[in-house]
């Protein structure tokens, strides 16, 4: 019966070995143990999407994942989206198109956007809206975010 | 909030899981995808003594195709079901329903066994299993047993799976030639729990099984509707109206999204839409 565990994780290409309380979620682990505060914690029950990151290649809610469950996993957070996910153009389009204001939802919003684009999905506004429906944004009204995603897909096709 | 304190175990074999489950003192709770359990723990609605992580049991992550059925391991995640060719071919209703189950990031982690074992009244998959007449394979130290979906879902968060038992497989009959499937739900936001939804399976002999979710304490068959629709080849407006009116037999229960009367109204709408989409 263990209340703490040692985990080995790769975060944005770097390997970490850390002792964690088993009740600590992945978002808190990244923020407090590794100092990677780019991952934001919003609702802590999987509804708002702010804490979304990549866990073994697919998006996951880091507030609904225990750090101990990520033992052996590859994690990519917003700090690694440019280097590990080649998302500089998407980030530029978010910036230029005002697809963020306060920026709280942006780490999770970018994660879902990157996954949508990576899967080869089209620049179809309705499909984009459905895909990012698990990410709340209370500033933009979403239109600028949908624009930024569609623009990035179109630019990559040209 | 954060989850309360607990112990964590990640067994490597099914027999180790069953050993842990058989020890009452451990107050075990199985962790599948964690997409409902973790929120419940963060809200302190659930406070297990020992969390038993099932992700190390490889035999629970297998999909088998037999002569007449598809056997889905309890730890198969929604995204795996969504892209699986055998599921598309033999269980088209699952493929139709999955895009409405939560959001992409949740479908990447959530599992079929987790959804079935939780028996959330507003979840889609219990209703799918009911209308497909699925069987659930349950394993304990006493052996393996098969529970029909019709007697599996007891009430909200209550199933026929006992505390020393584990759901190992979901067994779905392959779709037959001439079968048709319908589905419709209404939710406040795409991917949110439905305010009401319905799954319909229509056999070649025009027998129909109709299961609702989000309207009662668990997913339920609407036998009154099935009786009215049985053998009917032309679903006229009058027949659909009769079927809608027969929903008065169901005891609707409200939740945070809608009261019982609103639920009944929405159930009637989703029924009509699902039937019309099947034509």
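Take the conditions at pLDDT below 95, within 27 Å of residue B:35 (Cβ to Cβ), touching a helix residue (DSSP H, G or I) at 6+ places or on another chain (Cβ under 8 Å) and not assigned by TED's automatic domain parsing to the domain that holds residue B:89 and apply them to residue B:194. Does it pass?
Values: at pLDDT below 95: yes; within 27 Å of residue B:35 (Cβ to Cβ): yes; touching a helix residue (DSSP H, G or I) at 6+ places or on another chain (Cβ under 8 Å): yes; not assigned by TED's automatic domain parsing to the domain that holds residue B:89: yes.
Answer is yes for this residue.
Take the residues in the stretch A:115-129 that are crowded, with 17+ Cβ neighbours inside 10 Å and free of Cβ contacts under 8 Å to residues at least 60 places away in the same chain; name whichever of them is farthest from the other protein chains (Cβ to nearest Cβ). Walk me through it before giving the result.
If we filter the stretch A:115-129 for residues that are crowded, with 17+ Cβ neighbours inside 10 Å, which is where we start, we get A:115-117, A:123, A:128.
From what is left, the residues that are free of Cβ contacts under 8 Å to residues at least 60 places away in the same chain are A:116-117, A:123, A:128.
Numbers: A:116: 8, A:117: 12, A:123: 17, A:128: 12 Å.
For the stretch A:115-129, the residue satisfying everything is A:123.
Quick check, is residue A:20 under 30 Å from residue B:23 (Cα atoms) and either in a helix (DSSP H, G or I) or not assigned by TED's automatic domain parsing to the domain that holds residue A:136 (or both)? Walk me through how you get there before you give the answer.
Values: under 30 Å from residue B:23 (Cα atoms): yes; either in a helix (DSSP H, G or I) or not assigned by TED's automatic domain parsing to the domain that holds residue A:136 (or both): yes.
So residue A:20 fits the description; yes.
Quick grid of which residues meet (1) touching a strand residue (DSSP E or B) at 6+ places or on another chain (Cβ under 7 Å); (2) within 12 Å of chain B (Cβ to nearest Cβ):
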position	(1), (2)
A:58	no, yes
A:67	yes, yes
A:71	yes, yes
A:83	no, no
A:89	no, no
A:94	no, no
A:103	no, no
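Examine the stretch A:93-104 for a residue that is closer than 19 Å to residue A:51 by Cβ, in contact with a helix residue (DSSP H, G or I) (Cβ under 6 Å, 6 or more places away or on another chain) and part of a helix (DSSP H, G or I), and state whether such a residue exists.
Within the stretch A:93-104, one or more residues are closer than 19 Å to residue A:51 by Cβ, in contact with a helix residue (DSSP H, G or I) (Cβ under 6 Å, 6 or more places away or on another chain) and part of a helix (DSSP H, G or I).
Answer yes or no as to whether residue B:254 is modelled with pLDDT of 95 or more and either in contact with a helix residue (DSSP H, G or I) (Cβ under 8 Å, 6 or more places away or on another chain) or not in a loop (DSSP other than H, G, I, E, B) (or both).
Numbers: modelled with pLDDT of 95 or more: no; either in contact with a helix residue (DSSP H, G or I) (Cβ under 8 Å, 6 or more places away or on another chain) or not in a loop (DSSP other than H, G, I, E, B) (or both): yes.
Criteria not met by residue B:254.
Give the residue, chosen from B:206, B:235, B:241, B:247, that is in a helix (DSSP H, G or I) and in contact (Cβ under 8 Å) with a residue 24 or more places away in the chain.
Numbers: B:206 fails: in a helix (DSSP H, G or I); B:235 fails: in a helix (DSSP H, G or I); B:241 fails: in contact (Cβ under 8 Å) with a residue 24 or more places away in the chain.
None of the others qualify; the one that does is B:247.
Residue-wise test of (1) modelled with pLDDT of 95 or more; (2) over 25 Å from residue A:63 (Cα atoms).
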site	(1), (2)
B:2	no, no
B:7	yes, no
B:10	yes, no
B:22	yes, yes
B:30	yes, no
B:34	yes, no
B:50	yes, no
B:69	yes, yes
B:84	yes, yes
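Can you find a residue that is within 20 Å of residue A:112 (Cα to Cα), part of a strand (DSSP E or B), within 11 Å of chain B (Cβ to nearest Cβ) and touching a strand residue (DSSP E or B) at 6+ places or on another chain (Cβ under 7 Å) anywhere in the stretch A:35-53?
Applying the first criterion (within 20 Å of residue A:112 (Cα to Cα)) to the stretch A:35-53 yields A:36-53.
If we keep only those that are part of a strand (DSSP E or B) as well, we get A:52-53.
This time we only want the ones that are within 11 Å of chain B (Cβ to nearest Cβ), so: A:52-53.
Still in the list and also touching a strand residue (DSSP E or B) at 6+ places or on another chain (Cβ under 7 Å): A:52-53.
Looking for residues that are within 20 Å of residue A:112 (Cα to Cα), part of a strand (DSSP E or B), within 11 Å of chain B (Cβ to nearest Cβ) and touching a strand residue (DSSP E or B) at 6+ places or on another chain (Cβ under 7 Å), one finds at least one in the stretch A:35-53, hence yes.
Sort out which residues of the stretch B:32-51 are at the interface with chain A (Cβ under 8 Å from one of its Cβ atoms) and either part of a loop (DSSP other than H, G, I, E, B) or out of contact with any helix residue (DSSP H, G or I) (no Cβ under 6 Å at 6 or more places or on another chain) (or both), and write them in order of number.
Quick first cut of the stretch B:32-51, residues at the interface with chain A (Cβ under 8 Å from one of its Cβ atoms) only: B:34-35, B:38-39, B:42-43, B:50-51.
Listed by number, the residues that qualify are B:34, B:35, B:38, B:39, B:42, B:43, B:51.
Every residue in the stretch B:77-88 that is out of contact with any helix residue (DSSP H, G or I) (no Cβ under 9 Å at 6 or more places or on another chain) and in a helix (DSSP H, G or I), please. Reasoning before the result, please.
Here is the first cut: in the stretch B:77-88, the ones out of contact with any helix residue (DSSP H, G or I) (no Cβ under 9 Å at 6 or more places or on another chain) are B:83, B:85-86.
Passing the criteria: B:85, B:86.
When the residues of the stretch B:1-16 are filtered to those that are more than 10 Å from every other protein chain (Cβ to nearest Cβ) and in contact with a helix residue (DSSP H, G or I) (Cβ under 7 Å, 6 or more places away or on another chain), which remaining residue is nearest to residue A:26 (Cα to Cα)?
First pass over the stretch B:1-16, keeping only residues more than 10 Å from every other protein chain (Cβ to nearest Cβ): B:11-16.
Pick out the ones that are also in contact with a helix residue (DSSP H, G or I) (Cβ under 7 Å, 6 or more places away or on another chain) and you get B:11-12, B:14.
Numbers: B:11: 21, B:12: 22, B:14: 26 Å.
It comes out as B:11.
Could you count how many residues in the stretch B:209-232 are under 21 Å from residue B:121 (Cβ atoms) and not in a loop (DSSP other than H, G, I, E, B)? Write out each step before concluding.
Applying the first criterion (under 21 Å from residue B:121 (Cβ atoms)) to the stretch B:209-232 yields B:209-226.
Filter once more, keeping what is not in a loop (DSSP other than H, G, I, E, B): B:209-213, B:220-221, B:223-226.
Result for the stretch B:209-232: 11.
Answer yes or no as to whether residue B:60 is over 25 Å from residue B:201 (Cα atoms), part of a helix (DSSP H, G or I), at pLDDT 95 or above and more than 21 Å from the chain's Cα centre (by Cα).
Values: over 25 Å from residue B:201 (Cα atoms): yes; part of a helix (DSSP H, G or I): yes; at pLDDT 95 or above: yes; more than 21 Å from the chain's Cα centre (by Cα): no.
Answer is no for this residue.
Anything in the stretch B:89-115 that is within 14 Å of chain A (Cβ to nearest Cβ), over 19 Å from residue B:30 (Cβ atoms) and in a helix (DSSP H, G or I)? List them, or say none.
If the condition is that a residue be within 14 Å of chain A (Cβ to nearest Cβ), over 19 Å from residue B:30 (Cβ atoms) and in a helix (DSSP H, G or I), then B:98, B:99, B:100, B:104, B:105, B:107 are the ones that fit.
So which of B:125, B:60 is without any contact (Cβ under 8 Å) to a residue 60 or more places away in the chain, away from every other protein chain (no Cβ under 14 Å), crowded, with 18+ Cβ neighbours inside 10 Å and in contact with a helix residue (DSSP H, G or I) (Cβ under 8 Å, 6 or more places away or on another chain)?
B:125
The values are calculated or read from the model by the stated rules, or taken from the named source; none is laboratory data. Not measured: the values here are computed from a predicted model. Here Cβ is always computed from backbone atoms with ideal geometry, including for glycine, and neighbour counts include all displayed protein chains.
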